[in-house]
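Remarks on the structure that follows.
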Amino acid sequence: MTLLAPTRFTEESTHAVNVAAALARKRKEPLVLAHVLPQGILRSFQQLESAATAALASEATRLSDTGVTTSVAVLRGKVEAELARCATESGARLAIVGDTARPYHPLRGGTLERLARAIDLPLLVVRDARPFEAWTRGERKLKVTLALEPHAESLAARDWVGKLAEYGEIELTAVRLWWPDEEYARRILPPVEGHRAIAALVQQETEALLAGLPPQVSRTVRIEIGIGRLADQLTSLANQTHADVLVLGTHRRRGLSRLNGISERALETAPMSVACVPLVAPVADLSTVAAFGSALAVTDLSEEGNRAISYARAVLDGGLVHVLHVSPEPFTAEREAGLVKRLAEVIPAGAEAQGARLVIHVRHGDVANQIAATVGQLSPDVICLGGMRSLPLAEKVLAWTGLPVLIAPTPGTVPAGKTAG
């Protein structure tokens, strides 16, 4: 893949070009150096073009001498439009620029913001080249703070961090800003003082979003209730973790709607390097969805409820299956032992010998509440329910836990002409 490094021949641009060269050298990727000249009919325009061409050629020679395959592009016109066109024509996967911040206008925005909206690839704004250069030499991990939400734009940024790990090891802190009222409404739960239970669900959901990242990425999740201006809060948290780069997904807002944009403000004001990742594809990369390692099978001890156990085993192809039965009424120790015995009897014969590990749990109370509590304690990857009667329950469980829910079909519901798998 190609890397694009626009330059204004400033000290900041030179630092960014050096980072781009270090990345290109690490994976033997081609590098395009670009400079944009203003379009006009000035008498000195030819001299400017000649000087820019000579300066780019000198830079290209310097980088080629270090083992980087380098080409140059002298462009004419609006900076963001010409660089967007150059990125498309060169097939670039990443644009790397220096801190080109200029006086910021609240309506027109700044150069970095306009560039981030124009190009269809991640934009890395380098404000300190030293961490990146040491990282590509293998001397340290790159410290990355990722703003993570369960939304497509944010997941695109997460996937990009996974690709960034191709250049070296990453120490990732994923920050989730959340709002209690919003989370209670989303999960159809009544507010509870202290928010401990809902915070645990948010933590678990956020950790699950990172499950498929490559092993080169060590990860920590930090959840914080959103307060004030979110870009400033994210920047403050990135400072606390001594981040080398803050990574954000972007909506690529235009017009007045961007005045509330988090990534736009972070690009202009964050003291550390910032990577802005647009959602180009309609769906974020699904390669980071990890295989299921454990399941929670919930049964009411009916025939269709017990099918959840078989489906949980099939989904895992081995692994740990937690079998849960919830009694609507409290029970004695004797009654509990009887329920455990009945659950053991419905577990398919030879299940343990086939690689599955099954653990039985018996609880009492509201079924949905007890499933949510069990999920909080056991952290399964998937929940299996039995029968079409479970659909209303599945909706609640999905909203409360954020986990995938599999409903085993009721016996006899296979359409005519089909065979059960």
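Brief remarks follow.
- From its DSSP helices (H runs of at least four residues, each -39,500 (n - 2.57)), the chain gives a residue-normalised ellipticity at 222 nm of -12500 deg cm²/dmol.
- FRET efficiency, 1/(1 + (r/R0)^6) with R0 56 Å, evaluated for Glu11 and Asp317 via beta carbons: 0.50
- Approximate spin-label separation Val280-Arg186, in nm, with each point projected 7 Å along Cα-to-Cβ: 2.7
- Sequence of Ile170, Ile96, Ile227 once ranked by neighbouring C-beta atoms within 10 Å, starting from the fewest: Ile227, Ile170, Ile96
- Cβ crowding within 10 Å ranks His15, His35 as His15, His35, fewest other Cβ atoms first.
- The stretch between Ile360 and Ser236, if pulled fully straight at 0.36 nm per residue, gains 40.1 nm over its current Cα-Cα span.
- Sorted by Cβ neighbour density within 10 Å, fewest at the top, the residues Cys384, Cys86: Cys86, Cys384
- Cα-based equivalent ellipsoid, the stretch 129-290: semi-axes from gyration tensor eigenvalues, Å: 26, 19, 16
- Of the trypsin sites (Lys or Arg not before Pro) found in the stretch 122-177, those in coil by DSSP whose Cβ has at most 16 other Cβ atoms within 10 Å are Arg137, Arg140.
- Residue-span extension gain [Gln377 to Leu398] - 0.36 nm each, minus C-alpha spacing: 5.9 nm
- Axis of helix 367-378 versus longest Cα principal axis of the chain: the two differ by about 60°, to the nearest ten degrees.
- Annotation for Trp179 and Arg130: the two label points, set 7 Å from Cα along the Cα-Cβ direction, are 4.0 nm apart.
- Rg [Å, one decimal], Dmax [Å, integer] - the chain, C-alpha atoms: 27.0, 98
- Helix 152-164 and the longest principal axis of the C-alpha atoms of the chain enclose an angle of approximately 70°.
- This model, with +1 at the C-beta of Lys and Arg and -1 at the C-beta of Asp and Glu, gives the chain a dipole about its Cα centre of some 920 debye.
- Alpha-carbon centroids, the stretch 224-240 and the stretch 1-20: separation in whole Å: 29
- Its alpha carbons give the stretch 1-96 an Rg and a Dmax of 13.0, 43 Å.
- Paramagnetic label reach from Thr220 (point 7 Å along Cα→Cβ; backbone nitrogen cut-off under 15 Å): within the stretch 139-183, residues 141-147, 170-176.
- Cα extents of the stretch 182-228 along the three principal axes, largest first (Å): 39, 24, 16
- Loop-resident trypsin sites (Lys or Arg not before Pro) (DSSP state other than H, G, I, E or B) in the stretch 24-92 with no more than 12 further Cβ atoms inside 10 Å of their Cβ: Lys28, Arg43.
- Extending 7 Å from Cα along the Cβ direction at Glu169 and again at Arg27 yields two label points whose distance is 1.9 nm.
- Between Arg85 and Ala197, the C-beta separation translates, for a Förster distance of 51 Å, into a calculated FRET efficiency of about 0.50.
Where a number appears in this text, it was derived from the coordinates with a stated rule and is not lab data. These numbers come from a predicted model, not from an experiment. Please note: Cβ atoms are built from the backbone with ideal geometry, for glycine as well, and neighbour counts cover all protein chains shown.
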